[in-house]
Amino acid sequence: MDILQEIGASLRKGDDNRVAELTRQAIDAGMGVGAILDDGLIGGMNVVGDLFRRHEIFLPEVLLAARAMQKGIDLLKPLMIEEGIPAVGKVVIGTAQGDLHDIGKNLVGIMLKGAGIEVIDLGNDVSAERFVDTAVEAGAPVIGISALLTTTMSSMKGVVDLLRERGLNGKIRTIIGGAPVSKDFADEIGADAYGYDAANAVDQVKALLGVA
Amino acid sequence: MRPALTFLGDELKTKIIDEARHLLCTLGVEIHNPRVLALLGDHGADVDLSKQHVRLTDGLIDQALATVPSGFKLYDAIGRQTHDFSGDNVHFTPGSAAIKILDNGRMRKPVTGDYIRYAKLMSGLEHIQAQSTAFITTDVPEEISDSYRLFLSLMYCEKPVVTGAFTIAAFDIMRDLQLAVRGSAEELKAKPLTIFSCCPTSPIKWSDVTSQNVVDCARQGIPVEFISMPLSGFMAPVTLVGSLIQHTAETLSGVVISQAASPGAPVLYGGSPAIFDIRYETTPMGAVETQMIDCAYSEIGKHLGMPTQAYIGMSDAKQLDAQAGFETSMGATLAALSGINSISGPGMLDFESCQSLEKLVVDNEICGLTQRLVRGIEPREDFPSTPIFEELLRDKHLLIADHTRRHLKEEIFFPGPVVDRANSSRWHEEGGITLHERAAKEVERLVAACAPSALSDDVTTELDRLMTAEARRFGMQSLPGRG
Ligand code: B12
């Protein structure tokens, strides 16, 4: 098994120390940062994601894999910056203003990180201004909003409207989720995407980012 | 004898409570509300305003447990007593605050007409003693979706209401609607009409909204049910005992807030814990472990001297199917055997997010059966038994015996027409209709049979005026038509 395949296998086992060790070996062996990232870490996480979708492994195993992947990313990060390789993408997430249900949002955040996406988590009860200002400052092309209450759903529209007001629609895309939210509601308020669970959120965000 | 179910021995109960008290006094509670923190500070708790954090003391907890009532009564809109939350008395109320309804097998967003049908149906379901604000309607601004449910409930059904506010601001209108029904604050305090659900936020936290709701309710004499929701293995320890420790800490902190605000304020020691299903990222209410935690914390609540409540007796199914039936009846049966005083759940599907009128009709029978179950087996005129057997041997049956006529109704519960007890030939001859069809027919019958509420015109006009004014604040000039 070559090193990159072994990174994938260790990710599936959630063995974070082994993933770090292998990533270091790969770097030392002069493998390209892009290859380690795409074929080793992200490739491995894609397999984990597929197994999860097929109900062959469960959430805790994905979280362990995501944690292991983070260890590898931490080692690659300085090299990525040096070589000007961008992260897969950047997403700002939070719960809608007035909403304290953050369990779903947290899961979405963990899964996004697991897919190699940089996540800026604003926590809960986030105003439209904070969502938009943060995305602009951080250069994040996607904002993810979670709402579990019917009374807070309307503030999701506030984010979409504010982006439009500032001429940022199209440049910064929005994705929404949470039990009372639906694809129809996303269309109604003009959000760019809707995700029904954490794995689906990853697929949808990747589509927004234009990465496979 | 009343049959009873227990999960915890005295020793384990005491250990769990001691542990929870220790957590409250050492790790403390996060409370995102400066007024509530100040209140607890005034009562001797160790408050850190900058960290929105408070450490309770044993003295404060003991004081709260000394003043919290061991029971209270509830009254309908007309002022008649309907509930006595004490001892092991069992009452049912529909699962509350759903965001969807099941309509002919399809889930959709509810509107005013659906809510009116629900309220009328509730009037006719005799084994479900309280209504709840069971779902929100989407034809009013979201900001009033919590208060508007209460308005419709009060207009169309006399039963008391289990409800709750989604924001601090909504409390005022929800209180005013109740004052309009009762006439004065004193009368509302003397005869509580609603119960408000207030949720701590796991782990061991209170939000601005819900902690304020607890205080506002306590001062107004509106009973509160604490709805702590530890999610085992995710936002709480995976062990059932660990989840119980967390539930006890969160609920006790609520009791302390309520009693500090107004000693003697009525509360239900409640909850809606769940295990976390790591396979689907969901919070199954029909899981047996969820139901075990419910029954066990009820034992703890009673041990601490409070009446209890639980979100149990509902299902995670998406249809009125066999899963809906078995999860609901298992939960309702366990809850009744545990003596949970207010059992929330009937009608509910899909992890507390969908209500079904047909399911309510079916669940009404489940409630009837379990209420019969907990009346248990009592000797009546059974000793000596010779006379009744002599009569049987002589007449060859006891169908019209005096003994039968005296005891038939108290001994045997006859469910309504949704429960099929016909022989198969008769079932075929009567159309071979399915449970779902029988339930739909029964919904229509009961909605049509509902008499208008006996609230006076003055009161309903005032309710309408209050609600319309509230709707106008959020841009809706007149309330949706109710014709
Ligand atoms: C747990 C819970 C709580 C906990 C939350 C703890 C926490 N830290 O989050 C506590 C106890 C605090 C709570 C409080 C309240 N709750 Co609550 N709660 C729930 C419950 C039972 C489960 C939610 C949950 O965590 N599910 C598990 C997670 C993993 O699933 P999820 O959130 O749906 O997320 C998944 C997807 O939706 C998606 N997703 C989520 N977000 C996003 C975002 C993006 C961008 C994407 C792509 C995808 C995505 O992916 C996630 C992973 O699969 C729901 C019922 C339900 N079925 O939703 C009620 C529910 C949402 N709550 C409800 C209510 C009424 C309240 C309170 C108002 C009660 C009160 N009066 O005190 C308060 C409100 C507090 C506030 N201001 O927010 C109602 C809402 C009713 C309505 N009409 O809006 C519900 C439906 C229950 C009910 N029927 O009463 N609640």
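The values are calculated or read from the model by the stated rules, or taken from the named source; none is laboratory data. Model, not experiment: these values are computed from the prediction. With ideal geometry, Cβ positions are generated from the backbone for all residues, glycine too; neighbour counts draw on all protein chains shown.
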Discussion item. Would you confirm whether or not the range A:91-105 contains a residue that is more than 30 Å from B:Ile168 (Cβ to Cβ) and assigned to a helix (DSSP H, G or I)?
Written reply: no
Worksheet item: Taking A:Ala186, is it within 10 Å of the ligand (Cβ to nearest atom), crowded, with 18+ Cβ neighbours inside 10 Å and in contact (Cβ under 8 Å) with a residue 12 or more places away in the chain?
Response: no
Item to complete: Report yes if some residue within the range A:152-172 is touching a Ser or Thr at 6+ places or on another chain (Cβ under 8 Å), in a loop (DSSP other than H, G, I, E, B) and more than 14 Å from chain B (Cβ to nearest Cβ); otherwise report no.
Response: no
Worksheet item: A:Ala87 versus (1) buried (at least 19 other Cβ atoms within 10 Å of the Cβ); (2) free of Cβ contacts under 8 Å to residues at least 40 places away in the same chain; (3) not β-branched (Val, Ile, Thr): which is the lone unmet condition?
Response: (1)
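Table: residues versus (1) under 29 Å from B:Gly113 (Cα atoms); (2) away from the ligand (no atom under 15 Å from the Cβ); (3) not in a loop (DSSP other than H, G, I, E, B).
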position	(1), (2), (3)
B:Gln323	yes, yes, yes
B:Phe326	no, yes, yes
B:Met330	no, yes, yes
B:Leu337	no, yes, yes
B:Ile366	yes, yes, yes
B:Leu373	no, yes, yes
B:Glu381	no, yes, no
Worksheet item: Looking at (1) surrounded by 24 or more Cβ atoms within 10 Å (Cβ to Cβ); (2) more than 14 Å from every other protein chain (Cβ to nearest Cβ), can you tell me which one B:Pro200 breaks?
Response: (2)
Worksheet, complete the sentence: Checking A:Gly123, A:Gly177, A:Gly114 in turn, the sole residue that is more than 11 Å from every other protein chain (Cβ to nearest Cβ), of a type outside the set (A, V, I, L, M) and surrounded by fewer than 22 Cβ atoms within 10 Å (Cβ to Cβ) turns out to be A:Gly123
Response to the item:
When restricted to B:Gly254, B:Gly233, B:Gly264, B:Gly271, the only residue modelled with pLDDT of 95 or more and away from the ligand (no atom under 11 Å from the Cβ) is B:Gly264
Discussion item. Whether any residue in the range B:276-287 is away from chain A (no Cβ under 14 Å) and under 30 Å from B:Met1 (Cα atoms) is what I want to check.
Written reply: yes
Item to complete: For the range B:430-438, indicate whether the set of residues that are part of a loop (DSSP other than H, G, I, E, B) and of a type in the set (A, V, I, L, M) is non-empty.
Response: yes
Worksheet item: Is it true that B:Asp420 is closer than 30 Å to B:Asp88 by Cβ and either within 16 Å of the ligand (Cβ to nearest atom) or not in a helix (DSSP H, G or I) (or both)?
Response: no
Practice prompt. Name the single residue, out of those in the range B:339-364 being of a type in the set (S, T, N, Q) and over 23 Å from B:Asp84 (Cα atoms), that is farthest from the ligand (Cβ to nearest atom).
Written response: B:Ser356
Worksheet entry | Condition broken by A:Val160, with the remaining ones in (1) crowded, with 20+ Cβ neighbours inside 10 Å; (2) near the ligand (Cβ under 10 Å from one of its atoms) satisfied | (2)
Fill in: Enumeration of residues in the range B:120-163 that are assigned to a loop (DSSP other than H, G, I, E, B) and within 14 Å of chain A (Cβ to nearest Cβ)
B:Thr133, B:Ala134, B:Ile136, B:Thr137, B:Thr138, B:Asp139, B:Val140, B:Pro141
Item to complete: Could you list all residues from the range A:115-151 that are closer than 17 Å to A:Asp99 by Cα, in a loop (DSSP other than H, G, I, E, B) and out of contact with any strand residue (DSSP E or B) (no Cβ under 7 Å at 6 or more places or on another chain)?
Response: A:Ser127, A:Leu148, A:Leu149
Worksheet item: Does the range A:141-155 include one or more residues that are more than 10 Å from the ligand (Cβ to nearest atom), within 16 Å of A:Val205 (Cβ to Cβ), over 15 Å from the mean Cα position of the chain (by Cα) and not β-branched (Val, Ile, Thr)?
Response: no
Worksheet item: Is it the case that the range B:176-195 has a residue that's buried (at least 23 other Cβ atoms within 10 Å of the Cβ) and either near the ligand (Cβ under 9 Å from one of its atoms) or within 14 Å of another protein chain (Cβ to nearest Cβ) (or both)?
Response: no
Worksheet entry | Within the range A:189-207, tally of residues that are in contact with a Ser or Thr (Cβ under 9 Å, 6 or more places away or on another chain), outside any loop (DSSP other than H, G, I, E, B) and more than 9 Å from the ligand (Cβ to nearest atom) | 1
Practice prompt. Evaluate the range A:15-33: report whether one residue or more is crowded, with 17+ Cβ neighbours inside 10 Å, within 14 Å of chain B (Cβ to nearest Cβ) and of a type outside the set (Gly, Ala, Ser).
Written response: no
Item to complete: Only strands (runs of 3 or more DSSP E) wholly contained in the range B:1-105 count here; list those with 2 or more residues that are in contact (Cβ under 8 Å) with a residue 60 or more places away in the chain.
Response: B:29-31, B:72-75, B:81-85, B:91-93, B:100-103
Worksheet item: If you scan the range B:64-96, which residues turn out to be under 21 Å from B:Thr251 (Cα atoms) and within 16 Å of the ligand (Cβ to nearest atom)?
Response: B:Thr93, B:Gly95, B:Ser96
Worksheet, complete the sentence: If you go through B:Ile300, B:Ile293, B:Ile312, the only one that is β-branched (Val, Ile, Thr) and away from the ligand (no atom under 16 Å from the Cβ) is B:Ile300
Fill in: Filter result for A:Ile93 (more than 14 Å from the chain's Cα centre (by Cα), of a type in the set (Val, Ile, Thr) and away from chain B (no Cβ under 14 Å))
no
Worksheet item: Which of the residues belonging to the range B:187-228 are closer than 21 Å to A:Leu149 by Cβ and small (Gly, Ala, Ser)?
Response: B:Ser197, B:Ser202, B:Ser207, B:Ser211, B:Ser228
Discussion item. Here's a check for you: in the range B:96-119, which residue that is touching a strand residue (DSSP E or B) at 6+ places or on another chain (Cβ under 8 Å) and more than 14 Å from chain A (Cβ to nearest Cβ) is surrounded by the fewest Cβ atoms within 10 Å (Cβ to Cβ)?
Written reply: B:Asp114
Worksheet item: Counting just the residues of the range B:153-165 that are surrounded by 23 or more Cβ atoms within 10 Å (Cβ to Cβ) and of a type in the set (A, V, I, L, M, F, W, C), which one comes out nearest to B:Lys191 (Cα to Cα)?
Response: B:Val161
